[in-house]
Amino acid sequence: MSVQTGTPAETTPDGQQLADPARNRRAWLIGLVVAAVSAALANTIAQAVGEYHWWAGFILVPGALIAACAGPLLIRGRGAAFFGYLVAWIGGLVLVVGALLMAGAMGRGWPLMITLPCLAVAGTYGWRSTHPLVRGLHRSVALLALVAATLGPTFLLLRAGWVDFGATGWWGAHMMAAGAVVVANAIELARHRMPYRLQAVTLSLGPAVVTLLFGLRFLRGW
């Protein structure tokens, strides 16, 4: 029979762990170091490109500090970790906006404002509900966000002139990918025995098939 030694971690009434002071301070320190390095790097790059806008620091620095606040929340797990994830992404997005403005690159880098929020949503894929219907809905949203995130790089490549789709309705490919994601999740839902299974599958397949057909129409130019 094994015997546990040491003091068990303190928890809140809902079972959430309370971080010990030393671990909390370490998380704060790491967050502040990452924030400082990110802000300094953005400032250095902005000065190097020759379009330095100092006033954007009033956006960049608060964004870095907001992101740094996520560290102590992430180490606590459960709901606090999810809130910390949101805080980290909000701070990161504000930081990126500040960096783009500081470098005078918002006119070229605006597609990042599509990709980064979508990646934030897609990153929640790991949080899964025990209920199959809720889990399937969340999986669909996360994967659709991942598909939408590919729009940013596509716009960047188009604006840079590295790719040229001509008269092809290239956005149809993204629509078809989104439709395929929903169809796949509808098939997965059909495997589970649960109330309203048929209704859920039908409501998923209908819009997905329509989206697939419209995407094919745009892509083929029909």
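Where a number appears in this text, it was derived from the coordinates with a stated rule and is not lab data. It should be emphasised that the depicted structure is a prediction, and the values quoted were computed from it without experimental measurement. Positions of Cβ are generated from backbone atoms using ideal geometry, with glycine treated the same way; all protein chains shown enter the neighbour counts.
Short version: ³J(HN,Hα) in whole Hz for each residue of the stretch 84-94, in order, from phi by Karplus 6.51 cos²θ - 1.76 cosθ + 1.60 (θ = phi - 60°), x for Gly and Pro, what are they?
Working through the residues one at a time gives x, 4, 5, 4, 4, 5, 4, x, x, 5, 4 Hz.
At what distance in nm do the modelled label points of Val33 and Thr202 sit from each other, each positioned 7 Å from its Cα along Cα→Cβ?
5.8 nm
Quick one: 3J(HN,Hα) in Hz for the stretch 75-80, Karplus 6.51/-1.76/1.60 with θ = phi - 60°, rounded, Gly and Pro as x.
The phi angles translate into 7, 8, x, 6, x, 5 Hz.
All other residues with a Cβ under 15 Å from the Cβ of Gly109 taken together, and with Lys, Arg as +1 and Asp, Glu as -1, what is their net charge?
Cβ neighbours under 15 Å give a net charge of +1.
Work out the length of the dipole vector of the stretch 7-160 about its Cα centre, built from +1 on the beta-carbon of each Lys and Arg and -1 on the beta-carbon of each Asp and Glu, and round it to the nearest 20 debye.
300 debye
If amide hydrogens are placed 1.01 Å from N in the peptide plane, which non-local residues have theirs closer than 5 Å to the one on Phe165?
Those qualifying (amide H under 5 Å, at least 5 residues apart or on another chain) number zero.
Considering the options Leu151, Leu29, Leu101, tell which one lies farthest towards the positive end of the dipole of the chain, charges being +1 on Lys and Arg and -1 on Asp and Glu at the Cβ, about the Cα centre.
Going by the Cα projections, it comes out as Leu151.
Can you tell which of Phe155, Phe58, Phe82 shows the greatest fluctuation in a Gaussian network model of the chain with Cα springs below 10 Å?
Fluctuation is largest for Phe58.
At 222 nm, what value in deg cm²/dmol follows for the chain if DSSP H runs of at least 4 each add -39500 (n - 2.57) and the sum is divided by all its residues, to the nearest 500?
-23000 deg cm²/dmol
Return the label of the correct value of P(r) over Cα pairs in 10 Å bins from 0, in percent, as calculated from the structure shown, out of [x] 9, 38, 40, 13, 0; [y] 8, 22, 25, 23, 17, 5, 1, 0; [z] 7, 33, 40, 18, 2, 0.
Correct label, based on the coordinates given: [y].
Can you work out ³J(HN,Hα) from phi for every residue in the stretch 122-139, in order, using Karplus 6.51 cos²θ - 1.76 cosθ + 1.60 and θ = phi - 60°, giving whole Hz and x for Gly and Pro?
Once rounded to whole Hz, the list reads 4, x, 7, 3, x, 7, 10, 6, 6, 7, x, 5, 5, 4, x, 5, 5, 4.
Counting Lys +1, Arg +1, Asp -1, Glu -1, what net charge surrounds Ile45 among other residues with beta carbon under 15 Å of its beta carbon?
0
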